[in-house]
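Before any comments, here is the structure.
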Protein chains: 4
Amino acid sequence: MQKSRVEAFSDGVLAIIITIMVLELKVPHEVEMSALKPIAPVFLSYLLSFVYVGIYWNNHHHMFHSTRHVSGGILWANLHLLFWLSLFPFTTGWMGENHLAPTPTAIYGFVLLMAAIAYFGLQHAIIRQQGPGSILATAIGSDWKGKLSPVLYCIAIPLAFVSPWISSGLYVLVALIWFIPDRRIERELEKGEP
Amino acid sequence: MQKSRVEAFSDGVLAIIITIMVLELKVPHEVEMSALKPIAPVFLSYLLSFVYVGIYWNNHHHMFHSTRHVSGGILWANLHLLFWLSLFPFTTGWMGENHLAPTPTAIYGFVLLMAAIAYFGLQHAIIRQQGPGSILATAIGSDWKGKLSPVLYCIAIPLAFVSPWISSGLYVLVALIWFIPDRRIERELEKGEP
Amino acid sequence: MQKSRVEAFSDGVLAIIITIMVLELKVPHEVEMSALKPIAPVFLSYLLSFVYVGIYWNNHHHMFHSTRHVSGGILWANLHLLFWLSLFPFTTGWMGENHLAPTPTAIYGFVLLMAAIAYFGLQHAIIRQQGPGSILATAIGSDWKGKLSPVLYCIAIPLAFVSPWISSGLYVLVALIWFIPDRRIERELEKGEP
Amino acid sequence: MQKSRVEAFSDGVLAIIITIMVLELKVPHEVEMSALKPIAPVFLSYLLSFVYVGIYWNNHHHMFHSTRHVSGGILWANLHLLFWLSLFPFTTGWMGENHLAPTPTAIYGFVLLMAAIAYFGLQHAIIRQQGPGSILATAIGSDWKGKLSPVLYCIAIPLAFVSPWISSGLYVLVALIWFIPDRRIERELEKGEP
């Protein structure tokens, strides 16, 4: 029962984050098709961030599905993740409005990195509570996606000062890697409920 | 159980979309009744979009009611729908603030069309998972509403450059067609639970 | 089960309405205590609207508690209520920022009136579905509060052009009348579950 | 069942408060790293308020977990708490944008104080309803945290006019005191469900 409220609160926060990002897409004052051109990068950043929040929501969903009890530590690890995700509208807007200028692109990656670390912390807090034989631990296995992503972010952040396009290409690449929801947990769970 | 979180998240996103659209209704600085006149088209666009989101919510509700399990594919088909719906505040504001100028009216219709296609995709993903004898497939039958709407949008979009009033009339027409919630599913479900 | 989603969606919309109203409370650029003076009427309008949304939420809660099934008609009656409530941030901001100027004060009352009528419609839709011996019908009895409120609004709206203070006094009065949550339904329900 | 809607509504409001606070973090127009410097105090205020809302959410969660029925009095005590919490985005923005100027820092503390008092009132309303042998009363025991916090706020508020840094240091101190979620209730509940 406790779990359901953590899920509901997280759903609420994620739903709001995903939706207020669109507020950075300012309604233009002109009415020509050309008025959409300057907001195209804002739109593309929005799309990328939307996919990222969608990925986090999907994985959050799977992760909590394998959880029964929620400790105080998990609550704060979850809030820590939500904190970094709540900065997405800011970094998305900054990067998009400045057409991928180096610093905003690097900061965008930095917040992605911090969210990935917070996600890792949350995953760990859940596994620690589940104890040995944790469903989640078995499900994520080597967790190569979870380990590769921060590495790619760490490469992309300094590269933003060389070419923001390569950096954002790497952000897109990480999104694509995760796009396929974490079927590992789904599979483990199915094994467990025959 | 999984299903309930998808519903909760979708409810959250739809609730926020329907509510932040009203933020485009900027509080006027004057205090005369005449101050409401320039925002009348914004108000009418808001009303139309509110009805559209209401329709999507109602049908989403019915569609998921007939669903038991939610696969990764359904999760992403659902996020795809939410993405296009999340652009409603932008297109509503752009069309409303410019008193139905041609391009914004066409773009408004384009986003309606993309949402309709995404809805169609979500419906398909659910039917595919339910397999043969799907409740949803039986319920929607020929799905004439779902097939007619995109056709009407495709007519309305180019017409916006001839007469935006005809286009928006067509958008209102589609809303009226759907206004009556999808009783087909309701009926099928009642048959199934005697 | 259907009911729970209508409640969740309504909770979401009401939670957002009650919270985005505070966005009209613009952060002042000055740092003196006197900077709060010009926003005092905005604050008071916010307080009044917060109490109104709180009242609607409480009564909505009680009303749906007495409901088992939700028909298409109830869904739309509910959306109709949410539509008028969604205009509260606009009317609250307009009235507050203009220190209770006549027209905004009248429009504030008009939206209150429309919400009251929509609430009445929703109540009716639920009673009609519950059929004879409806718990809700018994619970609300003569419904003097529901009948008195629109009368007071109808008096307050034209009076705004004479004295906006009397009008807003009447709005406060209606809020006070409703402040005590609808114990009638609570009592009826308790009788029914001995 | 009633309880779940109060929780859902509160979750919604808290999720929105925690998320719209980030809107005060205005996207800068410059693209240099130095553009982040002027918004650093806004960011730190946001972080502090985020932790506060997180604490309130955690404790709210624990408090309602020990509750079975929700009376009209509890509903309003809860709305009273949400009202003061809804002012956090305003006071956070005012304090942060003015780099901890005395008046905004004092007002920030005042709203924290009012929220603490409202929380105290909600706690009391629940204990009163649970009657003698209340789980919540046993769980909170001497409630030293709940009693110390308002005292620290009362010291911090006037001190803001001497040194806003000491005041905000005290706000951080209170946050740290509460950071560890209220394990007392958790412990009592575990005792009760052996």
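Values quoted throughout were computed directly from the atomic coordinates according to the rules given, and no laboratory measurement underlies them. Given the structure is predicted, the values throughout are model-derived calculations rather than measurements. Positions of Cβ are generated from backbone atoms using ideal geometry, with glycine treated the same way; all protein chains shown enter the neighbour counts.
For the reader, a short list of remarks on this structure follows.
- Computed log₁₀ I(q)/I(0) - Debye formula, equal Cα scatterers, no solvent, the protein assembly as shown, q 0.06, 0.09, 0.10 Å⁻¹: -0.36, -0.88, -1.13
- Rounded Å value of the spacing that divides the Cα centres of region C:41-63 and region B:51-72: 30 Å
- Relative contact order (%) - chain A, alpha-carbon pairs under 8 angstrom, separation at least six: 26 percent
- Entries in C:Lys3/C:Lys145; A:Lys26/D:Lys26; B:Lys26/C:Lys37 that, when Cα-Cα distance is taken, lie over 18 Å: C:Lys3/C:Lys145; B:Lys26/C:Lys37
- Looking at region C:1-40, the GluC sites (Glu not before Pro) that sit in a DSSP loop and have at most 16 other Cβ atoms within 10 Å of their own Cβ are C:Glu30, C:Glu32.
- In the protein assembly as shown, taking the dipole from charged Cβ atoms about the Cα centre, the farthest positive-side position among A:Ile117, C:Gln129, D:Ile117 is held by C:Gln129.
- For region A:35-94, Kirkwood radius (reciprocal of mean inverse C-alpha pair distance, Å): 13.4 Å
- Among the residues of A:83-92, the average count of other protein chain beta-carbon atoms within 10 Å of the residue beta-carbon is 4.
- Annotation for D:Gly72, label-to-label distances across the other copies: 3.7, 3.7, 5.3 nm (shortest first, one decimal, point 7 Å from Cα along Cα→Cβ).
- Principal-axis tilt of helix D:183-192 within chain D, Cα atoms, nearest 10 degrees: 20 degrees
- Dimensions of region B:25-132 along the principal axes, based on C-alpha atoms and rounded to the nearest Å, stand at 60, 25, 18, largest first.
- Between copies, the label points at C:Cys154 (set 7 angstrom from Cα along Cα-to-Cβ) are spaced 5.1, 5.1, 7.3 nm, reported in nanometres from shortest to longest.
- For region A:92-104, Karplus couplings with θ = phi - 60° (6.51, -1.76, 1.60), whole Hz, Gly/Pro x: 5, x, 5, 5, x, 5, 9, 6, 6, 5, x, 4, x
- Approximate spin-label separation D:Ile177-D:Leu44, in nm, with each point projected 7 Å along Cα-to-Cβ: 2.2 nm
- Other residues within the sphere of radius under 13 Å centred on the Cβ of B:Asn98, judged by their own Cβ, net out at -4 (K and R +1, D and E -1).
- Principal semi-axes in Å for chain C [√(5λ), Cα gyration tensor, largest first]: 33, 18, 14
- Scalar couplings 3J(HN,Hα) for region D:39-53, obtained by applying the Karplus form with A = 6.51, B = -1.76, C = 1.60 to θ = phi - 60°, are 9, 4, x, 5, 5, 5, 5, 4, 4, 4, 5, 4, 5, 4, 5 Hz; x denotes Gly and Pro.
- Helix D:164-179 axis, angle to chain D major axis (alpha carbon atoms, nearest 10°): 30 degrees
- Projected label points at A:Lys37 and D:Lys147, each 7 Å from Cα along the beta carbon direction, are separated by 7.0 nanometres.
- With the simple model of a label 7 Å out from the Cα in the direction of the Cβ, C:Lys3 to B:Ile117 spans 4.1 nm.
- Averaged over peptide A:57-65, the number of partner chain Cβ atoms lying within 10 Å of each residue's Cβ comes to 3.
- Computed from backbone phi with θ = phi - 60° and the Karplus coefficients 6.51, -1.76 and 1.60, the 3J(HN,Hα) list for region C:7-23 is 5, 4, 5, 5, 4, x, 4, 5, 4, 6, 4, 4, 8, 6, 4, 5, 5 Hz; x is used for glycine and proline.
- CD proxy at 222 nm, helix term only [per DSSP H run n ≥ 4: -39500 (n - 2.57); per residue of the protein assembly as shown; nearest 500]: -25000 deg cm²/dmol
- Considering only B:Leu113, B:Leu85, B:Leu36, the mean-square fluctuation computed in a Gaussian network model of chain B, springs between alpha carbons under 10 angstrom, is largest for B:Leu36.
- Each of D:Met21, D:Tyr171, D:His60 was scored by the projection of its Cα onto the charge dipole of chain D, and the greatest displacement toward the positive side belongs to D:His60; charges sit on the C-beta of Lys, Arg, Asp and Glu.
- Across peptide D:28-35, the average count of Cβ atoms from other chains found within 10 Å of a residue's Cβ is 5.
- If you sort the three axes of the alpha carbon gyration tensor as a ≥ b ≥ c, you get a/c of 1.5 or more for region C:92-151 and a/b above b/c, which makes it prolate.
- Sorted shortest first, the separations between the C:His29 label point and its copies elsewhere in the assembly read 1.3, 1.3, 1.8 nm; each point sits 7 Å from Cα along the Cα-to-Cβ line.
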